[in-house]
Amino acid sequence: MRQRNVQMVFLGRLAVFMADVIQDVALIWIVWELTHSSTATAIASMSSRTPLWLFSLPAGAHADSAPPRRTIIAANLVCSVLALLVAGLSNIGWVDVPLLCLFAFAISTCRTFEAPSFYSLVRGLSHDGVDTQQLNGIADTAKRTARLTAPLLANALRGVTSLFNLYAFIGLFYAGMAVAGRRLEVRDFRGERKQRKGLVADLKEAMGVIRQQPALQYIIVAECLFNAAYGACYYVFLPRLTLDTTGGGTSGHASAVTAFGIGGMVAGFFSTRLKMGRHALAYATAAWISIGGAFGLMYFATSLPVIVLLTALAGAAMAIQTIALWSGLHAACPAEHSGRVYSIWRLGADTAITVSTLTAGVVADAFGPSIPIGVVGIYVFFAILLARRFTVGRTKTHALE
């Protein structure tokens, strides 16, 4: 990774995702230690998720009208200051659960504005022989590396310092992304600076772009349909299978989660060398179906090692899917609309995960995890093929006519 942008993308995204993951676990640990209330813990977790629902669409419009690097640097600097404030105020006894939730809400708001700006900026970083697919793969590898290592680091730090002091490390990681942002070499990637017309008009314009691009329709519809299955499998059925059905307990679930991360890291590393190009949607389709198949085959699994192996395969396919989707979005979406289209895509996908996770809990309590996860595997296969048939497939049919 000798090229500067490659190095800065990896190190910067690794830093920001390390901060995100450590904050997620630190928030839960602190609130539980202070209250021993599951309700309070759930409310605290929601405080860091709510900005996505409230500000995702305005953040996308902002990303298309403001210099993205400036937004990335400013957002991460603010996140750093807020996290360091939590650490400082806690040491003088001024932080309680409501204030901590307020800080989590503020940090998440900054991150909600930062994410679509980084997605837009990737176009301006692809030069000197480095394309957007490679940069997307590098960013995804950094994310998966953070998901594996950040909980271990947080647990290790917990043994030598107070929980609140974890926020000092969170602040340093966010500052790392701001520093990396300043060192990025960005070329001009927008033909003209877009003038804001108001949120409603901006979103109507973005929806018009989506209606004109069957590839964007397919990505958004298929991702929402897929995430309705993924949320249920990964956050509900898989934990139930590993913790209870196979008798693996917490170590069994930890093994499955680790396998998912390792599979994703390995596949993500090799995916940066694939030249997906105009075949990005085909890679995404195969990956979606493979993930559904891996989860669906858990219906037949009777031992923990088999489930762990299938989870690793699902993680590998997930990495390929993520890189393929980013590449497909960059290819299909004009640069001046990329921030808003990204936000619409992520809002729909995250909504599907949230709804399916809540629903799957009720289903698992009623029927157990094995039958539902088998049904989900079949559902993903047909849902993805139908989404493709009625978006990009319909365009090909019209072209033949």
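Just so it is clear, none of the values below were taken in a lab; they were calculated from the coordinates. On a predicted model such as this, the values are computed, not experimentally measured, just so you know. Cβ sites come from the backbone with ideal geometry, for glycine too, and all protein chains shown count toward neighbours.
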- prompt: Of the residues 321, 133, 217, which exhibits the maximal mean-square fluctuation in a Gaussian network model of the chain defined by a 10 Å Cα contact cut-off?
  reply: 217
statement: Here, chymotrypsin sites (Phe, Trp or Tyr not before Pro) of the range 286-373 satisfying both criteria (DSSP loop; at most 15 other Cβ within 10 Å) are 300
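Assigning unit charges at the beta carbon (Lys, Arg +1; Asp, Glu -1) and nothing else, what dipole magnitude in debye, to the nearest 20, does the chain show about its Cα centre?
Values: 32 positive and 20 negative charges, 224 e Å.
That gives the chain a dipole magnitude of about 1080 debye.
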message: Sequence gap at least 6, Cα distance under 8 Å: using those rules, report the relative contact order of the range 1-159 to the nearest whole percent.
response: 41
task: Set Lys and Arg Cβ to +1 and Asp and Glu Cβ to -1, take the dipole of the range 262-401 about its Cα centre, and tell me which of 288, 367, 306 lies farthest positive.
output: 288
- request: Round to a whole angstrom and tell me the spacing of the C-alpha centers of the range 200-244 and the range 50-103.
  value: 25
message: Full-extension gain between residue 201 and residue 366, please, as 0.36 nm times their residue separation minus the C-alpha to C-alpha distance.
response: 54.9 nm
query: the range 237-295: which trypsin sites (Lys or Arg not before Pro) are DSSP loop and have at most 11 other beta-carbon atoms within 10 angstrom?
result: 273, 275
- prompt: Along the charge dipole of the chain, which of 23, 71, 167 sits closest to the positive end, that is, farthest toward it, with unit charges on the beta carbon of Lys, Arg, Asp and Glu (+1, +1, -1, -1)?
  reply: 71
message: For percent of Cα pairs over 36 Å apart, one of [x] 27; [y] 23; [z] 47 was computed from the structure I shared and the rest are decoys. Which label?
response: [y]
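Which chymotrypsin sites (Phe, Trp or Tyr not before Pro) in the range 54-118 sit in a loop by DSSP (not H, G, I, E or B) and have at most 16 other Cβ atoms within 10 Å of their own Cβ?
On the way: sites: 55, 94, 103, 105, 113, 118; in loops: 94.
Within the range 54-118, the qualifying chymotrypsin sites (Phe, Trp or Tyr not before Pro) (loop, at most 16 other Cβ atoms within 10 Å) are 94.
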message: Taking a ≥ b ≥ c as the square roots of the Cα gyration tensor eigenvalues, with a/c under 1.5 meaning rounded and otherwise prolate when a/b beats b/c, else oblate, which class fits the range 194-262?
response: prolate
